[in-house]
Amino acid sequence: MKKLLLLTTLIFSAFISNAQHDMSKDASKMPSPPAKATATVGGATVTVNYHQPAVKGRNVWAGDLAPYGKVWRTGANDATTFEVSKDVTINGKALKAGKYALFTIPGEKEWTIIFNKTVKQWGAYGYKEADDVLRVTAKPEATEMTERFTINAENSGVVTLAWDKVKVPFTVK
């Protein structure tokens, strides 16, 4: 009986693991919809690919979604990616052309925006500070309610992260 229970548990675990793995390959099967923000800034193409979690009445910043003071995947599902076709500056600091995972550390008065060289990872579970290429700070601002996490990239170079009643702009030049 114990062997049958163990075998059943192993088969179920493999099924769940495989289902989760399949989700990461097919964006349409992910719980939060995929989205993309693009802009052309000073001849550089900026592309941000991410997934949009929803507030759904939850406490975003004090709960488990994106708590203040902790590294957040800045979206849902796979780590958000931030790609630039040419060298740029982010809030005045140099970032080489390339593709990066975009993480943040939300704060009530200041956010840390993180560009990490390990692009392919699920959420922030594999995040390693040692792989950070650039960190900049940005000031959060109060805004109207945004139910689904949204990233907006403008040709002026302003990239804005917006969710709940907070928006966080930073500048690409």
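We did not get these values from a lab; they are worked out from the coordinates using the rules stated. No experiment lies behind these values; they were computed from the predicted model shown. No Cβ is skipped: glycine too gets one built from the backbone with ideal geometry, and neighbour counts run over all protein chains shown.
7 Å from Cα along Cα→Cβ at both V158 and T38: what's the point-to-point distance in nm?
Going by the 7 Å Cα→Cβ label model, 2.2 nm.
Full-extension gain between K93 and K70, please, as 0.36 nm times their residue separation minus the C-alpha to C-alpha distance.
6.0 nm
Can you pick out the pairs among K56/K173; K36/K56; K56/K117; K96/K139; K56/K93 whose Cα atoms lie more than 30 Å from each other?
Where the Cα-Cα span goes over 30 Å, the pairs concerned are K56/K173; K56/K117; K56/K93.
Ranking W122, W61 by Cβ neighbours within 10 Å, fewest first, what do you get?
W122, W61
Taking the Cβ of I114 as the center, what net charge do the other residues with Cβ under 9 Å away carry, scoring Lys and Arg +1 and Asp and Glu -1?
Spelling it out: positives minus negatives among the neighbours equals -1.
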